[in-house]
1. So which of Lys46/Lys174; Lys72/Lys109; Lys85/Lys196; Lys109/Lys279; Lys21/Lys279; Lys46/Lys72 end up more than 20 Å apart, counting from Cα to Cα?
2. Could you go through the stretch 200-212 in sequence order and give the Karplus-derived ³J(HN,Hα) for each residue, using 6.51 cos²θ - 1.76 cosθ + 1.60 with θ = phi - 60°, rounded to whole Hz, and x for Gly and Pro?
3. Across the stretch 167-175, in residue order, what do the Karplus-derived ³J(HN,Hα) couplings come to in whole Hz, using 6.51 cos²θ - 1.76 cosθ + 1.60 with θ = phi - 60° and x for Gly and Pro?
4. Across the Cα atoms of the stretch 5-56, what radius of gyration and what greatest pairwise Cα-Cα distance (Dmax) are found, in Å?
5. Between Glu237 and Glu93, take the C-beta separation as r, use R0 = 45 Å, and let me know the FRET efficiency to the nearest 0.05.
6. At 1.4 Å probe size, with every protein chain present, just tell me what the per residue accessible area of the stretch 333-382 comes to in Å².
7. Let me understand the stretch 132-279 better: what is its radius of gyration from the alpha carbons, and its Dmax, in angstrom?
8. Carbon and sulfur: what percent of the stretch 105-235's accessible surface (1.4 Å probe)?
Amino acid sequence: MAQEVDLNLADLMSKALHLAKEHIHSDTSLSDSLNVLVAGGTGTGKSTLINVVFGAEVAHTGQGAPITQQIKSYSQGGLIIYDTKGLELKDFEATKQEIANFLEGMHQKEAKDQIHIAWLCIQEPARRIQEGEVELYGLLKAHQVPTIVTITKAQQDKDDKGEKFSSVLQACFKLEEAHLQRVRALEVEDDEGEIKPIMGIDKLMEKTQALLAEGQKAAFKRKQKYDLKLRRQQCKEDAHKAIVGYTTGAATIGATPIPFSDFALLAPTQIAMIVHISKIYGLELSQSMAEQLLAVFAGVLGVGYAVRAAVGGVLKFIPVAGSVLGGMISATAAAGTTALVGKAFVAYLDANIEDLEGAIKDFNAKVFQKYLDMVKAIKSYV
């Protein structure tokens, strides 16, 4: 008859979080933050553009941490957006040096902390180019910041004389097509009642990716919210790469056969993997949430045992009456089980990517079993 087993949660979590930290630190896809500079005068639609591409919660009006008097930042899970103000002629001379100092300081930092891409926003309806915009573009170019001049609020490129505003900008800034894009970040209704849909965002994203270094490309795909398919695919690819590292570690543990009841040996590896996968999806799991997930995994994987959280931070494995827990965990079984856990969790997050925080709160043994069964049935799941 199997024996009752008590596991110390604090010890398990300490090992798991330490292991997760090591893996995350070595994960090149997560070491690449994304720093975006969005510049433009008042009323150019910068906040609307930011929110359409990166999510409505990023740039609320009036919020943001001040970096200087004329620059503020929005930060969210490895994404930092810098917003410049005061590009209008009456303000620019007073702030030009401040912005130049900021760009110089950023240029001197490590690659991961530099400005990776800049969108210089100029609104189409005004149909004019301000001196501050030209000078800022020159500063960005001088500091080797890849820049896309972004024509916002695009409705009519040609004026009544047939001249395209995009052509005027292209000539003024001496731009190649890869560095210029018209966008409309909101649907608009014209005087005749015709609805003009969002446009140009997909092209802006394509051009942005083309100008980014490889590491930042992956970060951009994960952090943007406009193209859900693109985000899902990148998150899944990065998560499955992470799973491989943990299955290798689990196989090493299983190389010396251990009683299946000694869940403590594999649990830290599997919980570390879940913390790592969550981070790839932009979630930061608290220790209490990680402990709840551990109880869920233990309850499903601890076949022949009832699992109870006991007083004093102990997880109790209580043998089910009449059960005899035989066999050992081999290297193959340890790796296979760990891979299944990871793939099931990825499948669950992928299915609930539009409400990840809610998905974590709703995760339970029944849900976990459902996704385990699903990935078992689809052996090629990626």
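1. Where the Cα-Cα span goes over 20 Å, the pairs concerned are Lys46/Lys174; Lys85/Lys196; Lys109/Lys279.
2. x, 5, 4, 5, 4, 5, 4, 5, 4, 4, 5, 8, 8
3. These are the phi-based 3J(HN,Hα) values: 5, 4, 5, 4, 6, 5, 8, 6, 9 Hz.
4. 20.4, 65
5. 0.40
6. Computed with neighbouring chains in place, this is 50 Å² per residue.
7. According to the Cα coordinates of the stretch 132-279, Rg and Dmax are 24.3, 82 Å.
8. 46
The values are calculated or read from the model by the stated rules, or taken from the named source; none is laboratory data. As the structure is a prediction and not an experimental result, all values here were calculated from the model. Glycine also receives a Cβ, built like all others from the backbone with ideal geometry; neighbour counts cover every protein chain displayed. Protein only, heavy atoms only, side chains kept; ligands, DNA and RNA dropped before computing areas. Shrake-Rupley method; radii C 1.70, N 1.55, O 1.52, S 1.80 Å.
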